[in-house]
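Presented below is the structure to which this report refers.
The values are calculated or read from the model by the stated rules, or taken from the named source; none is laboratory data. Nothing here was measured: the structure is a model prediction, and the numbers come from that model. Note: ideal-geometry Cβ built from the backbone for every residue, glycine included; neighbour counts use all protein chains shown. The area values use the complete protein model at the heavy-atom level, side chains included, leaving out ligands, DNA and RNA. Shrake-Rupley method; radii C 1.70, N 1.55, O 1.52, S 1.80 Å.
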Amino acid sequence: MPASNCIKLHAAIDTQIRHNRIYRCSLGTWLDWQAQGTRVRQNIYYHNGMDFFVEVSHGPFLIENNIFASKYALRHLSDGGAYVNNIIAGDMLVDDVRNRSTPYHLLHSTTIKGMTPVYGGDDRYFNNIFISREEAKHCGTDMYDGHPQSLQAYIDDVQTQAPTDLEGYEAKKTPVYINNNAYFNGAKNYADEANKLSDPSFDSKFAIEERGRSLYLTINLPEAYTGFKVPAKATDTLPHVRIVDADFEQPDGSPLKINTDLLGRVADDHVLTGPIQSLNSGKNHIKIW
C-alpha cells in the first residue's frame with residue numbers, strides 16, 4: 001500500500017527540499033499555502049498517486065532539476081512559480097482559485113504583507129522536458145494559451161477595459177513566461193513560445209527502473225536534442241513576481257543561478273533542457289540514484 005503524504009508543509013518560507021527519492025506515496029510533496037522563497041530541487045518522484053502539488057501560494061517558489069515521473073505529475077493551483085530544467089512526464093493540472101484569499105509575506109519574513117486569491121498565470125516554465133505518456137490526459141504548457149507574454153502586454157490589455165468594474169479586470173488573463181522547453185510523446189507547447197524543441201510524434205520510451213537500491217532512467221531523445229542548448233536561468237533572468245513584488249533569490253537575498261543538475265554536475269551559461277546535463281541524442285540509460 002502507498003504511504004500517505006511524503007512531505008507536506010504549510011508556510012514553507014525559504015525552505016529547501018533537496019535530493020530526495022520520493023516514491024510509493026499517495027502525494028509526494030504538498031506545499032499548502034505560503035510557499036514563498038521555497039526551492040524544490042534535485043528530487044526524483046515516481047510511482048506516486050501524485051508527485052507534486054502547490055496550493056494557493058503566490059511565490060516566488062522555484063522547482064528545478066527534478067524528475068516528475070508518476071502518472072499524475074503536477075497539480076498547480078498557485079501563481080508566482082518557476083519550473084526550470086525538470087522532466088515532467090505525467091498529467092498536469094493548472095488552475096486558478098478565486099474563492100479563497102491566502103497570505104503573502106514581506107521578503108524572507110513570516111510577517112504577512114497581504115492577502116489575495118490566485119488569479120492564475122504569473123508562472124514561468126523554462127528549459128523543461130515534457131513527456132506525455134500514453135495514459136496521460138494532459139502534459140505541456142498549452143493550458144496557458146491566451147495568456148500574454150509580458151506584464152506590459154497585460155497592462156495594455158487591462159487598459160482596453162477602462163473604465164470598468166472589478167469584473168472587467170478579473171476577466172483578463174495575467175502574463176506567463178514560457179520559453180526554451182522540449183515536448184515529446186504528444187506533449188503540447190504554449191502557442192506563443194518563441195523557442196522550443198517540439199516533436200509530438202517522437203517516442204521517448206521514458207522509464208524509471210529500480211534495481212535493488214539503485215535507480216535508472218531510460219529515455220530516448222531526438223537527433224536535434226544535443227544542439228538545443230539554452231541559457232541557464234538565474235535571478236536576473238527569471239521575471240519578477242507580480243503580486244508579492246519579489247525576485248527569485250537565496251534566503252539571504254543574494255542572487256541564485258540554476259546551473260547544477262540533478263546529479264550534481266555544474267553546467268556553463270548554456271544548458272540542455274531537463275535535469276541531467278549528460279543526456280545525449282539517441283538512447284540514454286543512466287543511473288540516477
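Some notes on this structure:
Residues are listed down the side, and each one gets a yes or a no for (1) β-branched (Val, Ile, Thr); (2) open to solvent by less than 50 Å² (accessible area, probe 1.4 Å); (3) at pLDDT 95 or above; (4) in a loop (DSSP other than H, G, I, E, B):
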| site | (1), (2), (3), (4) |
| --- | --- |
| Val244 | yes, yes, yes, yes |
| Phe248 | no, yes, yes, yes |
| Pro251 | no, no, yes, yes |
| Pro255 | no, no, yes, yes |
| Gly264 | no, yes, yes, yes |
| Asp268 | no, no, no, yes |
| Val271 | yes, yes, yes, no |
| Pro275 | no, yes, yes, yes |
| His285 | no, no, yes, no |
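- So Arg75, is it in contact with a Pro (Cβ under 9 Å, 6 or more places away or on another chain) and among the basic types (Lys, Arg): no
- Segment 152-172 - residue that is open to solvent by 60 Å² or more (accessible area, probe 1.4 Å) and either in contact with an Asp or Glu (Cβ under 8 Å, 6 or more places away or on another chain) or among the hydroxyl-bearing types (Ser, Thr, Tyr) (or both) and, of those, nearest to Thr116 (Cα to Cα): Tyr169
- When segment 111-134 is filtered for residues that are more than 25 Å from Asn99 (Cβ to Cβ) and over 12 Å from the mean Cα position of the chain (by Cα), the ones remaining, listed by number, are Thr111, Ile131, Ser132, Arg133, Glu134.
- Residue match in segment 75-88 (condition: touching a Gly at 6+ places or on another chain (Cβ under 9 Å), open to solvent by less than 10 Å² (accessible area, probe 1.4 Å) and farther than 23 Å from Tyr190 by Cβ): no
- Wholly within segment 4-86, strands (runs of 3 or more DSSP E) carrying at least 1 residues that are small (Gly, Ala, Ser): 25-32, 72-77, 81-84
- Some residue of segment 202-219 being modelled with pLDDT of 95 or more, closer than 19 Å to Asp14 by Cα and not in a loop (DSSP other than H, G, I, E, B): no
- Those residues of segment 114-151 which are in contact with a Pro (Cβ under 8 Å, 6 or more places away or on another chain), open to solvent by 20 Å² or more (accessible area, probe 1.4 Å) and more than 30 Å from Ile219 (Cβ to Cβ), in sequence order: Met115, Pro148, Ser150, Leu151
- Residues of segment 160-181 satisfying the condition of being of a type outside the set (D, E, K, R) and touching a Pro at 6+ places or on another chain (Cβ under 9 Å): Thr174, Pro175, Val176, Tyr177, Asn180
- When each of Leu62, Leu31, Leu9, Leu27 is tested for being open to solvent by 40 Å² or more (accessible area, probe 1.4 Å) and of a type in the set (A, V, I, L, M), the lone residue that passes is Leu9.
- Some residue of segment 232-241 being open to solvent by 40 Å² or more (accessible area, probe 1.4 Å) and hydrophobic (A, V, I, L, M, F, W, C): no
- Thr102 meets each of the listed conditions (1) hydroxyl-bearing (Ser, Thr, Tyr); (2) open to solvent by 20 Å² or more (accessible area, probe 1.4 Å); (3) over 15 Å from Tyr190 (Cβ atoms); (4) touching a residue at least 12 places away in the same chain (Cβ under 8 Å) apart from (2).
- Filter result for the condition that a residue is in contact with a strand residue (DSSP E or B) (Cβ under 8 Å, 6 or more places away or on another chain) and either at pLDDT below 95 or closer than 20 Å to Phe68 by Cα (or both), over Thr235, Thr226, Thr260: Thr260
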